[in-house]
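The values are calculated or read from the model by the stated rules, or taken from the named source; none is laboratory data. On a predicted model such as this, the values are computed, not experimentally measured, just so you know. Heads up, the Cβs are rebuilt from the backbone with ideal geometry, glycines too, and the neighbour counts pull from every protein chain shown.
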Amino acid sequence: GEDVEQSLFLSVREGDSSVINCTYTDSSSTYLYWYKQEPGAGLQLLTYIFSNMDMKQDQRLTVLLNKKDKHLSLRIADTQTGDSAIYFCAERGSGNTGKLIFGQGTTLQVKP
Amino acid sequence: SQTIHQWPATLVQPVGSPLSLECTVEGTSNPNLYWYRQAAGRGLQLLFYSVGIGQISSEVPQNLSASRPQDRQFILSSKKLLLSDSGFYLCAWSLRRGLAGWSSYNEQFFGPGTRLTVL
């Protein structure tokens, strides 16, 4: 079945790079996503990558996709305190319903 | 522009009481609608999704039910709450495939959430 796994916690110093990792099981996933959740709020889409791409860069964000190993990562360059949040990896489920399968979320703590 | 509303923002209910959480979307038509639950220390679990009025699919067996009485209204209910129903409930919407503005990556837009505590 479909399953998405993430490490639960990452702590970095302000100005360092953060790398959040994710593994998924559904090899037929067409899109993979990174969502950000700030405390007590809903989720916002940060970035996404199509399954035939290896890398996508968007300002401070770099997404790497290893489709063979079903591994996705999100790198945040020059991490700021405002980046402290929970980051969710998600894969698109099968069919046309737009269902997403989410990981457990990685809490990123940025220390000044 | 589209907006999604959820209420109430927070709720404290005794075990065995009923529940009704409401989600409404503005600025779009025929959206796909979703209910998720985020339990403490756990990830986001899809509970229900709907592709149209009266069409509800349940993802996990549970004490909850969902209804879609109108195109842009999605309701999460329970007749008798359990302690394990506590959590953060998120509603989301996405564009129906093929409608104006739909793009292949099909972003889901989330509401602000409802924090439910069952005592």
key: Residue list for region A:1-57, restricted to those being polar (S, T, N, Q), closer than 19 Å to B:Q38 by Cβ and touching a residue at least 12 places away in the same chain (Cβ under 8 Å)   = A:Q6, A:S7, A:Q37
remark   = Inside region A:61-83, the number of residues satisfying the requirement of being of a type in the set (D, E) and under 20 Å from A:E38 (Cβ atoms) is 2
task = Need at least 3 residues that are more than 23 Å from B:G43 (Cα to Cα) per element, so show me which strands (runs of 3 or more DSSP E) inside region A:1-84 make the cut, counting only ones lying wholly within it.
result = A:55-58
query = Within region B:30-56, how many residues are surrounded by fewer than 13 Cβ atoms within 10 Å (Cβ to Cβ), within 12 Å of chain A (Cβ to nearest Cβ) and modelled with pLDDT of 90 or more?
reply = 1
ask   = Can you tell me which residues in region A:78-112 are out of contact with any Leu (no Cβ under 8 Å at 6 or more places or on another chain), surrounded by fewer than 18 Cβ atoms within 10 Å (Cβ to Cβ) and closer than 22 Å to A:F9 by Cα?
value = A:D78, A:Q80, A:T81, A:G82, A:K111, A:P112
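Being touching a residue at least 40 places away in the same chain (Cβ under 8 Å) and over 30 Å from A:Q6 (Cβ atoms) narrows it down to one residue among B:S86, B:S67, B:S29; which is it? Can you show your working first?
Numbers: B:S86 fails: over 30 Å from A:Q6 (Cβ atoms); B:S67 fails: touching a residue at least 40 places away in the same chain (Cβ under 8 Å).
Within the list B:S86, B:S67, B:S29, the selection yields B:S29.
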key: For B:P61: the one exception among (1) in a loop (DSSP other than H, G, I, E, B); (2) away from chain A (no Cβ under 14 Å); (3) in contact (Cβ under 8 Å) with a residue 40 or more places away in the chain   = (3)
key: Residue ID - farthest from A:D69 (Cα to Cα), chosen from residues in region A:1-26 that are of a type in the set (S, T, Y) and within 14 Å of chain B (Cβ to nearest Cβ)   = A:S7
inquiry  = Are there strands (runs of 3 or more DSSP E) fully within region B:71-119 with at least 2 residues that are crowded, with 21+ Cβ neighbours inside 10 Å and within 14 Å of chain A (Cβ to nearest Cβ)? List them.
reply    = B:87-94, B:114-118
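Take the residues of region A:31-50 that are loosely packed, with under 15 Cβ neighbours inside 10 Å and more than 8 Å from chain B (Cβ to nearest Cβ): which is nearest to the chain's Cα centre (by Cα)?
From region A:31-50, those loosely packed, with under 15 Cβ neighbours inside 10 Å are A:38-40, A:44, A:50; that's our starting set.
Adding the requirement that they be more than 8 Å from chain B (Cβ to nearest Cβ) leaves A:38-39.
On the way: A:E38: 14, A:P39: 17 Å.
Among those that are loosely packed, with under 15 Cβ neighbours inside 10 Å and more than 8 Å from chain B (Cβ to nearest Cβ), it is A:E38.
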